Each structure stands twice: as structure tokens, then as C-alpha cells.
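Each remark here refers to the structure printed beneath this line.
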């Protein structure tokens, strides 16, 4: 009994020391984040920023607000923080027109810039804290938050916090969503009662965060079918678990599918997809007679004038001058394009695979000048290491996920199953979002693909630590203690 008591005391001391070190690590990381990237009020607008501002001026409870030209959650942030929408932005970057420039303090939107940075720091710190406290072995308990904070507080991610678009908020909300997913997966695996107040609060926080993330960028909605499939798999795997837990999972599955329907309906009504649809017609349909015939067979009006618009790249609004065509677009355009991807899988996956290296080729936002007040030049090499620009990351993530799944299968350990589910969710969501973003718009592909690319880069640092934690705990369990050998 004395040996057992001594072992428990030792474990507690190690945990206290790890928690203390974790706290110091987070404090230092946040201090660096706040000190090396310039004034928190620095910001840079883009051509889309004014659209978010206009959307924020719509009545909150109106249908127009939730189906406007830009997703509603960034517009909601603008509505909460802007005193007046009638002002002119002074620092606008237009990279396509060689219009990169330095971020500036724009008084009218400085609160938005500060809010984006505060939300980013808070959510990534929460993810680091959850990962650190979830690991059981002392080494991964420090590695996980260290990797997470280094990933989040280096230029490739930090620079987005000064760009007045939806990327910063989307990345931040995903960090919070991942933290909540880790906590929920582990609670479910341990058969935790969903009726406890803490469990109920966790489920509500997860559903709320997921909803906000989905309505921050339209590409994020593609995570919902992946989540629904994995929740269904969890339901099948947990047949022997308490009925209340399975009922909670069923509710989560229903919420996920309901969110997907709501988003799809609001997206169709908003017509946010129309300009990207025109870009796809111009670059991916009109140059190929068989694809043109496919769309014509499904009712798209075809004329020489319409086909001539493939030469109007960069001026997609010329399509609006064809009323009969526009009537078909609003009625059947989106679903026909989605169906074309299914009808031409060799092209869909072949072109995606061919351009994969291109999608990973950059890891910085495209709006700043090379040297800016918020770029922290000395940290750029570290950011390049953590945000690698090779598509080999995809294969590496899939391999790491396979290893994690094998560990879960071999150990039959609830925590291993929870981490395997989380890893599958993270990689699956990232790949589907990346594929959908690539086919969603043929213009600005690298920026649009960043929604999936960044998640795959993050998985490259998180999944190995999960694997290491399970391996080290297996080794510790297999190693007899000194007292046992005596």
C-alpha cells in the first residue's frame, strides 16, 4: 500500500509541475504574440470588406441579413463593433491590381481589428490548454500546447488577424471547435453521462461554435456531412453504451444535418455562389465541348454570345446581361455544377491532385507588402517550418491517422478511440473542405483552399503528439516499477 501511495504522490507532483510549466508556456507565448506584431489596431481592408460592412447595416432579425452577399457571422461582428457604416476605408489592398500595401490604423474599424486578434489569441490558447491537460504523459503534455501556440502565433496565421475578411474569425472558431471536439469525444468514450450540467454545457458550446464556424465561411459547411457520417459511425460503435448517451448522439446528428440544410437553403437564396459559378463556367466548362453538352442537356441556354464570355475572365458580371440564362442559373445552376463533379470523377479528382502542390505553395496572406509592421520578420523562418508548403502533408496526415487508428484498434482503449475519432474528424473535414474549395471557385484558389490547407498543416503537428502520448503510456504501463521488481 505504501508503494501505491508513493506512486500516486509522484504522479500528482508530476501533474502539478506540468500544469505550472503549461501556465508559464502560455503566458510567454501570449506575451510574445502581443509584443512582436505591432499595434493591435493595425488593419488592412480588401475589396470584400465593404461588402461585410454593407451586410452589417441590414436589420439583424431580417432574412436579408442571414442571406446577404457575405456570410452572416463576420457581418454580425461588424454590426456589434461599428458605430457607423457610412465611412471610407483608408487602407485597401488589391493584390490582383498590384495594389498591396501596409496595414494602417483605421479608426473606424480599429475595434474590429482588435477583436479579431483578441478572439484569435483566446481560442488558440484554449486549444493549447485543452491539448496540454488532455495528455497523460508529461512529455506530450508540454509538446502539444507548445506546437499549437507556435503554429498559431507565427506569421502565416497571425497576419490574417489584421486582414478585414472572414479568414481570421474562421481559423479562430475552428481552434475553439477542435478543443470542444476533443473534450466531447473523450467524455463520450468514457461513457460520461450527458445529463450532467457540465456535459450539457459542453454539448451546447460545441453546437453553437460549430454553427458560428459554418456561417463564417461557406466552405466550412462541407464539414457537416463528414461530421454526420462520423457521428453515425460512433452510434454504431457505442451500441452497448447508456441509452441517454446514444440519444444525445442522435440529437447531435440531427443538429448537424439540420445545420447543413439551413446553410444550403440560405446559400442558395443569398446567391453568394453565383460569381464563383460564373468563374467555373469560364475556366472549367466552356473550354470543353463535352462539359458544355452536359450542362445544355440539363437545360442551360447556350448561345454564341454566352460561350464568348469565356474570354471575359475577370469580368464575370457580364453573365447578368443574359436574362434567360440567369433564370436557369438561379433555378438549377448550383446543383447542375455539383452533379457535373460527380459525373466526371476522373476529371474532378485528377485536376485536384494535379493542382494540389499549387494549393499548398503559399502560407502567407496575399495582401501585405513583404515587410510590414505585423509580419515579425525574425519569426518567418519558424512559420515556414510549421506551415510547410508541400502537398506531402496530405499523405503524411493520412499515414499518421492510420497509425492512430491502429493504436486504437490494438489497445481497445476508450481514450485511444476518442483520439482516433477526433483525428479522423480533423483530417476528413480538412480534405473535404479542401476539395470543395478547389472546385468551388476557379479564381483565387490558393486563398480559398487555405480553409482546408491550414487544418491539414495543423493536423501534422497535433496527431503525432496524440500518437506519442499513447505510445509512452503503453510503455509506462508495460514497464515494472522499481518497487515491483524489488
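The values are calculated or read from the model by the stated rules, or taken from the named source; none is laboratory data. Nothing here was measured: the structure is a model prediction, and the numbers come from that model. Every residue, glycine as well, gets a Cβ built from its backbone with ideal geometry; the counts of neighbours run over all protein chains shown.
A few notes on this one:
- For residue 394, the test of being modelled with pLDDT under 95 and surrounded by 13 or more Cβ atoms within 10 Å (Cβ to Cβ) is failed.
- Taken as a whole, the condition of being over 19 Å from the mean Cα position of the chain (by Cα) and either on the phi < 0 side of the Ramachandran plot or in contact (Cβ under 8 Å) with a residue 40 or more places away in the chain (or both) applies to residue 248.
Here's the yes/no breakdown for (1) within 18 Å of the chain's Cα centre (by Cα); (2) at pLDDT below 95:
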residue	(1), (2)
358	no, no
369	no, yes
379	no, yes
398	yes, no
403	no, no
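- Lone unmet requirement of (1) modelled with pLDDT under 85; (2) surrounded by 12 or more Cβ atoms within 10 Å (Cβ to Cβ); (3) farther than 19 Å from residue 162 by Cβ for residue 57: (1)
- Filter pass, residue 112 being closer than 30 Å to residue 465 by Cβ, surrounded by 15 or more Cβ atoms within 10 Å (Cβ to Cβ) and within 26 Å of the chain's Cα centre (by Cα): no
- For the residues 260, 295, 277, the requirement of being within 16 Å of residue 217 (Cα to Cα) and assigned to a helix (DSSP H, G or I) singles out 260.
- In the condition set (1) assigned to a helix (DSSP H, G or I); (2) at pLDDT 95 or above, residue 318 is compliant with all but (2).
- Residue among 169, 180 that alone is farther than 27 Å from residue 103 by Cα and either free of Cβ contacts under 8 Å to residues at least 12 places away in the same chain or in a helix (DSSP H, G or I) (or both): 180
- Per-region count, the stretch 241-256, residues exposed (fewer than 15 other Cβ atoms within 10 Å of the Cβ) and part of a helix (DSSP H, G or I): 6
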